[in-house]
Amino acid sequence: MKSILLTLLLTAVSRVGFAQFGIAYHQTNIPFVAVNYEFIDRIRPEVRLSTDTFFEDLSVEGVVTFDILNKEDYEFYAGFGVRTNEFAGVVIPVGVHVYPLQTKKFGFHIELAPIIDEYEILRGSWGIRYRFLQ
């Protein structure tokens, strides 16, 4: 039931105000998809939902990242968040978004994020990102 409500929430959020929203996929041993909203070009709250798992093992992660460097072709960021269910704990993501194309909507990212609580995990991920910029 939680996963159905979360899926409906993510769908509703993605349909409202496309101007600053973005989506991403992170490939790792603990893969996830993300929906984010960019505030003031530097602050990015993001909801992350685990993929490649059974519904009862579905984990939700909420993070807020801040762009330390915010250039036209790349962003270097760090943040703080919380992960629930499987591998629950505090998440501290640090990463880079790179936008090599002229439109700056489609890009790539790489991230390193320790997950600290009962387990101490150092998660590395890479993936793709799309921003609904106007």
**Complete:** In the stretch 87-130, the trypsin sites (Lys or Arg not before Pro) that sit in a DSSP loop and have at most 15 other Cβ atoms within 10 Å of their own Cβ are LYS104, LYS105
**Request:** For the chain, find the longest principal axis of its Cα atoms and tell me its angle to the long axis of helix 2-15, 0 to 90°, nearest 10.
**Result:** 10
**In the stretch 73-114, GluC sites (Glu not before Pro) in a DSSP loop with at most 16 other beta-carbon atoms within 10 Å** = GLU86
**Message:** Is the C-alpha gyration tensor of the chain telling us rounded, prolate or oblate? Criteria: a/c under 1.5 is rounded; beyond that, a/b larger than b/c is prolate, otherwise oblate.
**Reply:** oblate
**Request:** Write down the accessible area per residue of the chain in Å², having rolled a 1.4 Å probe over the full set of protein chains.
**Result:** 59
**Request:** Over the stretch 59-120, with every protein chain in place, what whole percent of the accessible area is carbon and sulfur at 1.4 Å, could you tell me?
**Result:** 66
**For ALA34, net neighbour charge (Lys/Arg +1, Asp/Glu -1) across residues whose Cβ lies under 14 Å away** = +2
**Prompt:** Among all stretches of the chain without exposed chymotrypsin sites (Phe, Trp or Tyr not before Pro) (DSSP loop, at most 15 other Cβ atoms within 10 Å), which one is longest?
**Reply:** 55-118
**Item:** Cβ-defined net charge surrounding GLU75, 14 Å radius [Lys, Arg +1; Asp, Glu -1]
**Value:** 0
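The values are calculated or read from the model by the stated rules, or taken from the named source; none is laboratory data. Being a predicted model, the structure only gives us computed values, none of them experimental. Counting neighbours? That spans all protein chains shown, and the Cβs are built from the backbone with ideal geometry, glycine included. The protein model used for the area step is the full one, side chains on, heavy atoms only, and it has no ligands, DNA or RNA in it. Shrake-Rupley method; radii C 1.70, N 1.55, O 1.52, S 1.80 Å.
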